[in-house]
1. Taking the Cβ-Cβ separation of H200 and D93 as r and a Förster radius of 25 Å, what is the calculated FRET efficiency to the nearest 0.05?
2. Net charge near R142: determine it from the other residues with C-beta under 9 Å of the C-beta of R142, scoring Lys and Arg +1 and Asp and Glu -1.
3. Find the percent of Cα-Cα distances in region 145-185 that exceed 12 Å, and round it to a whole number.
4. Using the alpha-carbon centroid of each, what span in Å lies between region 107-152 and region 41-63?
5. Explain nothing, just compute: Karplus ³J(HN,Hα) = 6.51 cos²θ - 1.76 cosθ + 1.60, θ = phi - 60°, for every residue of region 137-146 in order, whole Hz, x for Gly and Pro.
6. Give me P(r) over region 2-214, computed from all C-alpha to C-alpha distances, binned every 5 Å, as integer percentages.
7. Relative contact order for region 2-214: what percent, with Cα pairs under 8 Å and sequence separation of 6 or more?
8. Across 5 Å bins from the origin, how do the percents of Cα pairs in region 98-150 run, short distances first?
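What follows is calculated from the coordinates using simple rules that are stated; it is not laboratory data. It should be emphasised that the depicted structure is a prediction, and the values quoted were computed from it without experimental measurement. Glycine also receives a Cβ, built like all others from the backbone with ideal geometry; neighbour counts cover every protein chain displayed.
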Amino acid sequence: MGGSFVPALRFRALTPLFDPFMAVALPDREIKGRLVEQANLGGAASVLDFGCGTATLTLLVKRRFPGARVRGLDVDEEILAKARRKAAADGADVGLDHYDGGRFPYPDGSFDRVVTCFVLHHLDDSRKAAALAEMRRVLGRRGELYVADFDRANNVLRRGAFAVVRLLDGRRSTRANAQGRLRAMIAAAGFDRVEEISRHAAAMGEVAFIRGVNDGPAGVGGSES
C-alpha cells in the first residue's frame, strides 16, 4: 500500500469532509452499528479495527464493550490525527496505530476479533489479499473477521449508483467488490466458514456483511511488505 493508497474521498483536500460525506451518502453509523452487533464482541477481549479512518467504528466498539482492548489501524497519518482528536474528546482509552501498508505492527494471534468497514474497496486485489492475510495472522485460533463493504448489487440501479463510488475510489481498487468476489478473496486468505450474514441496500450500492473464522493456528498467513 505505502504511498500509493487512495485517501478518503480520493483527494487530500476532501479529507476534512469525510465524516459529513459518509453520514449523507450512506447510513454510516447504522451500518457500523449493525457490524458491531453481528461481530459477537461480548466474548472478545481484544478487537482490531482495520482501516479505522476517523475512528467512528473504533470508538463505537469501545463504548459498547468498555472492557475490551480496542485498537484502530490506518495507513493515513492525516486521518489518524483526526481520529486521535475524536478519541481524546470522547475520553476513550483506545490505541490508534499507523502502519506502512505492509505487515501489521502486532504479534501473531494478538486479537480475538478484526472488524473492517468500507476499507477493502480502497485496495486493489493484491493489497486486499495482503491485508486479509495479515488480518488472519493477527487473529488467534477461533478468532473471527467481520467485514462490511460494497458488493455486487442485485439491483441494476444500485449497480449504477456504485459507479459513483468507483469514480471516486478507482476502478482497479473497486473491481473485486463490483464483481462480488470479496467472499472468495477472504476464503483464499485462509479464513474458514466464510459466509454472508446479511445485506444492506444503500444509496451508493449494496453493502455485504461477511464473516470468516480462523480455524487454523494463530500466525498462519502473512503479507508482503
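1. 0.25
2. -2
3. I get 57 percent for the Cα pairs in region 145-185 exceeding 12 Å.
4. Their Cα centres are 13 Å away from one another.
5. These are the phi-based 3J(HN,Hα) values: 4, 7, 8, x, 4, 6, x, 10, 9, 10 Hz.
6. Taking all Cα pairs of region 2-214, the binned fractions are 1, 7, 16, 21, 23, 18, 10, 3, 0 percent.
7. 20 percent
8. Whole-percent P(r) values from 0 Å outward: 5, 19, 29, 29, 15, 3.
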